[in-house]
Amino acid sequence: MRYTLMLNLDENHARLLDELREHFRLSAEDTARFAIRLTHARFRQKPDVLVPEFRPKAKKPEADLPDDPSPM
């Protein structure tokens, strides 16, 4: 199922969000979560605060990969 989320960010915060997404290679879901937290911080009159509770979802390790990368 696909959802559409539209945000109304000012130019500065939109650019910042895009730069962070590219630098940290965030998924669309993590980018949306980050934008919501940033918007909430702006609402609370703290526009330049990056909320520390944000943690991107960690990728699950592949269970079927061997620990030793050497050829068999």
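The values are calculated or read from the model by the stated rules, or taken from the named source; none is laboratory data. Quick caveat, the model's predicted, so the values are computed rather than measured. When we count neighbours, we look across all protein chains shown, and the Cβ atoms used for this are built from the backbone with ideal geometry, even at glycine.
Which residues, counting only those in the stretch 1-14, are touching a Leu at 6+ places or on another chain (Cβ under 9 Å) and without any contact (Cβ under 8 Å) to a residue 12 or more places away in the chain?
Hit for the stretch 1-14 is ALA14, nothing else.
Of these, PHE34, PHE43, which one is over 16 Å from the mean Cα position of the chain (by Cα) and modelled with pLDDT of 75 or more?
Exactly one of PHE34, PHE43 is over 16 Å from the mean Cα position of the chain (by Cα) and modelled with pLDDT of 75 or more, namely PHE43.
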